[in-house]
1. Do we find that Thr673 is closer than 30 Å to Ser816 by Cα and either polar (S, T, N, Q) or modelled with pLDDT of 95 or more (or both) in this structure?
2. Within the stretch 397-410, can you find the residues that are modelled with pLDDT of 95 or more and either surrounded by fewer than 24 Cβ atoms within 10 Å (Cβ to Cβ) or over 19 Å from Phe278 (Cα atoms) (or both)?
3. If you check Tyr517 against the conditions, is it of a type in the set (Phe, Trp, Tyr) and within 24 Å of Ser223 (Cβ to Cβ)?
4. Is there a residue in the stretch 490-501 that is among the charged types (D, E, K, R), surrounded by fewer than 16 Cβ atoms within 10 Å (Cβ to Cβ), under 27 Å from the mean Cα position of the chain (by Cα) and not in a helix (DSSP H, G or I)?
5. Output the qualifying pairs, or none if there are none: Cβ atoms under 8 angstrom, residues six or more apart or on different chains, first residue in the stretch 726-753 and aromatic (Phe, Trp, Tyr), second residue exposed (fewer than 11 other Cβ atoms within 10 Å of the Cβ).
6. Keeping to the stretch 54-76, report how many residues are surrounded by 15 or more Cβ atoms within 10 Å (Cβ to Cβ), out of contact with any helix residue (DSSP H, G or I) (no Cβ under 9 Å at 6 or more places or on another chain) and either polar (S, T, N, Q) or in contact (Cβ under 8 Å) with a residue 60 or more places away in the chain (or both).
7. Within the stretch 194-237, track down each residue that is among the aliphatic types (A, V, I, L, M) and either within 18 Å of Thr183 (Cβ to Cβ) or in a strand (DSSP E or B) (or both).
8. Of the conditions (1) part of a loop (DSSP other than H, G, I, E, B); (2) basic (Lys, Arg); (3) out of contact with any Gly (no Cβ under 6 Å at 6 or more places or on another chain), Arg350 satisfies every one except a single condition; which number is it?
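The values are calculated or read from the model by the stated rules, or taken from the named source; none is laboratory data. Because the structure is a prediction, the values reported are computed rather than measured. We place every Cβ from the backbone using ideal geometry, glycine too, and count neighbours over all the protein chains shown.
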Amino acid sequence: MKKLGNYILGNWTEGAGDGTLLYDSVTGEVVAAATAKGLDFSDILAYGRATGSPALRKMTFQERGNMLKKLAMYLLKRKEQFYEISYRTGATRTDSWIDIEGGFGNLFANASLRRNFPNQTFHVDGEPVDLSRGGNFMGHHIMVPKRGVAIHINAFNFPVWGMLEKCAVNWMAGVAAVVKPATATSFLTEAVVREIIASGILPEGALQLICGSARSILDGVESQDVVTFTGSAETGRLLKAHPRIIQEAVPFNMEADSLNCSVLGEDAEPGSPEFNLFVKEVRKEMTVKCGQKCTAIRRIIVPEHLLEDVQIALGQSLSKVAIGNPTVEGVRMGALASKDQVEEVKQKIRELTQTADIVYGSLDEVEVLGADFEKGAFLSPILLLEKDPRKNQGVHEIEAFGPVSTLMPYKDLDEAIELAQMGKGSLCCSIATYDDQIAREFVIGAASHHGRILVLNRENARESTGHGSPLPNLVHGGPGRAGGGEEMGGMRGIKHYLQRCAVQGTPSTLTAVTGIYQAGAKVKEPERHPFRYHFEDLEVGMSILTHKRTITDSDIQNFANLTWDVFYAHTDITSLKGSIFERRAAHGYFLLAAAAGLFVSPAKGPVGANYGIDECRFLRPVYHDDTIQVRLTCKEKRERDTKGREHPSGVVKWYVEVFDQDQELVAMATILTLVQKKSPFPEYSKDYVQEKLYQLTEQHTAQWGSLTPQHMVEHLEWAFLIALEKIQAPILTPPEKIEKYQDWLYTYQPIVHNYANPLLRKGKLEDLRYDDLESAKTALLRAMDDIEAFFKNNPDATVPHPIYGHLDRYMWELISRKHIHHHFEQFGL
């Protein structure tokens, strides 16, 4: 029998003893055994703190984000093996998609958040605060990774998503994780973790896994750790009260199962799109994952005059759901996680039926396809009716964690809100209505008791992610019974693993600390205009003070005519009485444009384009005959992804200050530009090639591959001869891939070593065309002259390339730069 491994202290380790048997919830067969007996949990946590977290903390947000993206892509390619295992948890293909690819989606979503963080190992939070009248004392907040580990105690229902939605966030923050999945379905978690570890993408110690009971794991937590829990509210409260959690003041985030509700709006009559959407959504939430979702709809709140209509419609809809083996075609609801879970759900249903009636489904039997009802953990969807939900509190307190939901009536919207609140705190809630006033009143009234509210109607139905789907960029959690916690939520989630610290000092000191220029800090006078520097060479604080410009009356009137902005302050001086303006004032946007005219370096260079404006303030009017001067300062640098036919670049934020003739600040702005990064390849030129060829001798040997110096030179000439069509060669790349291949030319990725050119002989060198190396060098330089003459005479022409298709002059130069660099590097030139 297979025993699940625990990945701890850098190794896969089996726990002692026989362990707990884990069963296939469809067939009842034993899948594996899980045990963590004999493991030292304190050592495991210490290893994460000492090994995994320091490695992650050294990485910038951009590096962590790219790590998550790489991991997501790696796992996505291997998804089918996880689906096969997931079926054994009772999940259908759709259920598994939510768990598996939904988990990978969290990695992708959090990876994309790297763009919102500085290119540093820590985050600068919020805006600076001026703490003095003289401007020499200020404050700012930074957020640094906590120096502990994240301990994730997860539920059985989402063995993949439950792990990755949490880990994606703590990894992005720079904190290692120790994952304790629920034992019943931990065989799927273990399979995914094995692939993660095998990938080698994460730093060692960034992820540890414990399969099996770990009741004493919280005994070793410390103040810098973070504990998260997903599961029942009762278990969560016990863990939260652990003496060590209290003693060390360890952050504890609880996301507990809750009695989520869905409300049918008073306007949604039978036959309306909203009525049909409501029925469909409730059926989906009852049957997806067999209702084993912390966000599933447990309470169905409908107008009292529509109670019978909803009951009939839901019964008809549920009767169409095929139940059975998830691998059988047509099955839409599989099995619960275990037979123990079935019995627990049945017990909760019996408690609910003390006051409510079962109006659909049976506790004792259900028709299943491709499976044995007696062997599997199957249960019919159960719809109950509670006629007096204000009097009978059980429906608001008892949760049957399975395909179970209870109908209840409401008299008016106020009562619907009251019933929603009686759940005492839920993860989510929804209302189906096409009346925005009803939506507004309900949302504002119910929001205090819910972590998320979906308003569903005919306009968003096609694009809606549904009642029960937490999204990476929205908060997941809820007040009261739901645990009082909050996770995910984009940047908010990441900040749970960062420690916020207020820093006070001079603007120059805080510029040095934060890596972001603070107004009033000392500036750096560069040797040349800042726009002449590549992204890597720009330094925060680099600054220039421009020459001056006097604003004339004609400037203002011409700008008004050009833009059609004829606001009275710029065009009608007879209307200024009682306004803040004394004379004809310049347009604010003219000032911004004039400032750009003063600070821009016009020649082509690394600055590629204006990327936007973060902030802009016009502090006092500028009148005709006033003189302005501008200080441009590099404020911040941000990494940026590039794609398509664009060279790698970053975003640079520039702080722009506009002064008048009295040196009073009249306007300020933060503008963004795209600044190109330095190419690792030399410029394409005959002089460069000639210089390197002069260094090349027959005594040089290749650092990889089998080329001799002469073979290498003749190979480079061969590429030129193909472009000049003096040698005929077919284009081997399929047409549908040409664009992607040509896009690659714009990247700074080199040609890989030992690349197998499909046009060359395999395992054998080509025949030499020239008598000696010097003759080959001469031929190569002549071919370069020929291609130069060709493009000079035919500037719009293209030349063929067997891999990259037809290339214009610029793309030809790009591939030539890479190709020449590749082979010169091969010979140590």
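1. yes
2. If the condition is that a residue be modelled with pLDDT of 95 or more and either surrounded by fewer than 24 Cβ atoms within 10 Å (Cβ to Cβ) or over 19 Å from Phe278 (Cα atoms) (or both), then Pro409, Tyr410 are the ones that fit.
3. Numbers: of a type in the set (Phe, Trp, Tyr): yes; within 24 Å of Ser223 (Cβ to Cβ): no.
Here the answer is no, as Tyr517 does not meet what is asked.
4. Taking the stretch 490-501 as the starting set, the residues that turn out to be among the charged types (D, E, K, R) are 492, 495, 500.
Now narrow it down to the ones that are surrounded by fewer than 16 Cβ atoms within 10 Å (Cβ to Cβ): 492, 500.
Next, only the ones that are under 27 Å from the mean Cα position of the chain (by Cα) stay: 492, 500.
With the extra rule that they be not in a helix (DSSP H, G or I), the set shrinks to 500.
For the stretch 490-501, residues among the charged types (D, E, K, R), surrounded by fewer than 16 Cβ atoms within 10 Å (Cβ to Cβ), under 27 Å from the mean Cα position of the chain (by Cα) and not in a helix (DSSP H, G or I): present.
5. Tyr746/Gly644
6. Adding up the residues that qualify gives 2.
7. Leu207, Leu209, Ile210, Ala214, Ile217, Leu218, Val226, Val227
8. (1)
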